[in-house]
Each structure stands twice: as structure tokens, then as C-alpha cells.
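Read-outs throughout are calculated quantities, based only on the coordinates presented, and are distinct from any laboratory measurement. Predicted model only: the values in this text are computed from it and were never measured. A quick note on method: Cβ atoms are made from the backbone with ideal geometry, for glycine too, and the neighbour counts reach across all protein chains shown.
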Amino acid sequence: MELKTLTLAQLKHLMARVAREIEKRQTASKTSMLKRFAAMAREEGFSLSELLAGGTTSIATKPTVTKAASTLKARPPIRYRHPSNSTLAWSGRGRKPGWVDTWLNNGGTMGALQTAAEKFSKKVARTANASTEAAPKPAAGA
């Protein structure tokens, strides 16, 4: 079938037929898959609705192993922080956040972001030290 030879009305009619055929095939495919999944569930002694209800187990279940607190990965330290908005921080791992790209596009440097992160961490450490020193000491003889 050569599309160039068809009129606009014929093309629209063809497009509608194609859309209906796609819908029909998607429905048939979904129905077929549901029947296969139901058969698989029955073979294992479950109903499909029982499996799809969610329950307490996840679909890809692995034996649950609890990790000791010492084996959990610690968050990587913050290496870059926005100088004027301390809530914007990045460890330097993974994809570069948009605010870093914006900073660089506006003429900023990565060194400035590193410096801001260092200053912020020192400020937080000073604040933590000051709050522990300012804590009231227990009275002697009480």
C-alpha cells in the first residue's frame, strides 16, 4: 500500500483502523498474559488475586538478612555545597546536580563549592562544640 496515493480521508480512516487494531491486540495480549500468570499461580498453590494483593512479601523475594550496624554503609561526606544556600549539597558521587551545572554556567568554580562545604562543616562542628560546652553541668552534692 502506497500512502502517497491515499487521500486525506482515506489516511484518517486507515489511522483509525490501525488504532483499533492496536487496542484489540493489546487487550488480547493482556488477557493471554493474565491467563498464563493465573495458571502459574495455580501450579504453585496460589490464586492470582492473592499474589497481586501485595501481602507482606515483595515480588522478588530474597531471604531477609539483617545487617549489623557496623556493616551498613555510611553516607559519603559532602564535598560540594552552594555558598549562599547551604541546603544544596553534593557528595561528588553520581550524576552532577542541576544546581552545580547552573553554578558553573554562571562562572562559578568547583573549588568555590568545595571551600563552601569545608567552611560549612567547620561551622557545624563549632556549633556542636559550643552547645556541648554551654550545657549546664550537674550541681555538686545533689
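Of note:
- Integer Hz, Karplus 6.51/-1.76/1.60 couplings in order for region 82-90, x for Gly and Pro: 5, x, 9, 9, 5, 6, 8, 9, 8
- Per-residue 3J(HN,Hα) values for region 35-52, derived from phi via the Karplus relation 6.51 cos²θ - 1.76 cosθ + 1.60 with θ = phi - 60°, read 5, 5, 5, 5, 5, 5, 5, 4, 4, 8, x, 10, 9, 4, 5, 5, 6, 7 Hz in sequence order (x marks Gly and Pro).
- Residues in region 108-118 carry Karplus couplings, in order, of x, 10, 5, x, 5, 5, 5, 4, 4, 5, 5 Hz; the curve used is 6.51 cos²θ - 1.76 cosθ + 1.60 with θ = phi - 60°, and Gly or Pro positions show x.
- In terms of distances greater than 31 angstrom between alpha carbons, the cross-link table entries K73/K119; K96/K119; K35/K73; K30/K73 yield K35/K73; K30/K73.
- For R79, nonlocal amide neighbours, meaning residues 5 or more places apart or on other chains whose placed amide H falls under 5 Å from its own, are W90, S91, G92.
- Ranked V100, V18, criterion: other C-beta atoms within 10 Å, fewest first: V18, V100
- Other residues lying with their Cβ under 14 Å from the Cβ of E23 contribute a combined charge of +4, Lys and Arg counting +1, Asp and Glu -1.
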